[in-house]
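The block underneath contains the structure these notes are about, expressed in structure tokens.
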Ligand code: APR
Ligand code: PHB
């Protein structure tokens, strides 16, 4: 025997996509229940990128979670590209007619959305097991799950698959209904979080013969750094000292001299992947965020793409309930994918430009490195090329 629950939208996954969708639907009076397999602490322990486009910031404001973001987030009006031993600034604000980004960790976005949900008394079931989605080719889809030893059935009008890359929603769609596009890059990112002041006020993306490096931050006293590493590396091979030496070696002399080091408080290796699943809607099941697409982290587009999906999906569902219109629902997949492919292209291009590739790869080895230097030199001398980069970095319109 299972207990039946009824809602309008069943949301699978309480990452940023699921939580933001829940918040936007709640603002419009649409009822939603979120089913999450992990605990709140586990969800909050995942460290991910931290650059928010203006459109994402506006969406978070609309969802009622703008206050702390405005208080603690760091507005950035530019970033730096480092190559050939020098840094070159990309003036985001000047090149895009006043747009900028905000540096604010994804963990903090998630925490704010969780707090807001709790304050409003909205339902999230954490620690759910055996989550399964059913009947989404009909108007009466269901989600079944076990929670604290009891079986539940959640009946809804729609299911939002916000359950990330490894989730159950995309995996439940018949293979013949899906087209998957994927590239796994032949290296990883070793990331370190440390309670040290950031090396510079703005982010530094560095192309170096030894490999890519990125200097980012979470606050004025918390730094986030990355170096390109081998996919076969494991974290144990990277002592803090080895990490700092490698990062220093990949920066220009001025930044290297400025770098303040300290004990790492988190260290992990992440693979890089480009992935898109098409389409993003199957009857009454919608995929959003990492469930439908993954971008390599160069340029920090992952969370921002999740936000644009959720914008389209919340608008579509609200129109359905308020105006009895299916226009947004019918257009959902095409609207998302148009933006997803553009951001995927940018992330792939920025990744290709900044990383060291092996001789065996197209545009790899010494000639590949020379071609990258030529492109970077052209880029920082051409207002047209810098504008293209800046427009993509601050985010294409939703
Ligand atoms: N049942 C319920 N929940 C599930 C299931 C399942 N079978 N499988 C996965 N989940 C949960 C995960 O535990 C996770 O909390 O779904 C959530 C998915 O969250 P994310 O992976 O963070 O994906 P999303 O919310 O789309 O966020 C996109 O995350 O990976 C970054 O770069 C990405 O910043 C972007 C953001
Ligand atoms: C991060 O701060 O983790 C970060 C910032 C920018 C990126 C990727 C990651 O492009």
Looking only at segment 38-65, how many residues end up being more than 25 Å from residue 321 (Cα to Cα), more than 16 Å from ligand 2 (Cβ to nearest atom) and surrounded by fewer than 21 Cβ atoms within 10 Å (Cβ to Cβ)? 5
Of all residues in segment 364-376, which are without any contact (Cβ under 8 Å) to a residue 24 or more places away in the chain and in a helix (DSSP H, G or I)? 365, 366, 367, 368, 370, 371, 374, 375
Qualifying residue in segment 134-147 (condition: within 15 Å of ligand 1 (Cβ to nearest atom), closer than 30 Å to residue 242 by Cα and surrounded by 15 or more Cβ atoms within 10 Å (Cβ to Cβ)): no
Answer yes or no as to whether residue 338 is over 24 Å from the mean Cα position of the chain (by Cα) and either at pLDDT 95 or above or crowded, with 16+ Cβ neighbours inside 10 Å (or both). no
Can you work out which of the residues in segment 345-363 that are part of a loop (DSSP other than H, G, I, E, B) and surrounded by fewer than 16 Cβ atoms within 10 Å (Cβ to Cβ) is modelled with the highest pLDDT? 358
Search result, residues across segment 222-244 that are exposed (fewer than 12 other Cβ atoms within 10 Å of the Cβ) and over 16 Å from residue 269 (Cβ atoms): 241
Result of the Cβ filter at 6 Å on segment 285-312, keeping first residues that are modelled with pLDDT under 95 and partners that are within 7 Å of ligand 1 (Cβ to nearest atom), at least 6 apart or interchain, is none
Restricting attention to segment 2-19, which residues are outside any helix (DSSP H, G or I), at pLDDT 95 or above and in contact with a strand residue (DSSP E or B) (Cβ under 6 Å, 6 or more places away or on another chain)? 3, 4, 5, 6, 7, 9, 10, 11, 12, 14
Examine segment 82-102 for a residue that is within 16 Å of ligand 1 (Cβ to nearest atom) and within 25 Å of residue 221 (Cα to Cα), and state whether such a residue exists. yes
Only one of 298, 315 is over 18 Å from the mean Cα position of the chain (by Cα) and farther than 19 Å from residue 110 by Cβ, namely 315
Residue check, residue 102 in contact with a strand residue (DSSP E or B) (Cβ under 8 Å, 6 or more places away or on another chain), within 16 Å of ligand 2 (Cβ to nearest atom) and not in a loop (DSSP other than H, G, I, E, B): yes
Residue set 22, 55; condition within 20 Å of residue 311 (Cβ to Cβ), assigned to a helix (DSSP H, G or I), in contact with a strand residue (DSSP E or B) (Cβ under 7 Å, 6 or more places away or on another chain) and more than 10 Å from ligand 1 (Cβ to nearest atom); output residue 22
Filtering segment 196-232 down to residues that are touching a strand residue (DSSP E or B) at 6+ places or on another chain (Cβ under 6 Å), in contact (Cβ under 8 Å) with a residue 40 or more places away in the chain and either within 14 Å of residue 263 (Cβ to Cβ) or outside any strand (DSSP E or B) (or both) yields 196, 199, 202, 203, 207, 211, 212, 231
Reported set for segment 9-19 where residues are more than 6 Å from ligand 1 (Cβ to nearest atom) and either under 21 Å from the mean Cα position of the chain (by Cα) or within 14 Å of residue 39 (Cα to Cα) (or both) is 11, 19
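The values are calculated or read from the model by the stated rules, or taken from the named source; none is laboratory data. Here the structure is a predicted model, which means the values were calculated and not measured. When we count neighbours, we look across all protein chains shown, and the Cβ atoms used for this are built from the backbone with ideal geometry, even at glycine.
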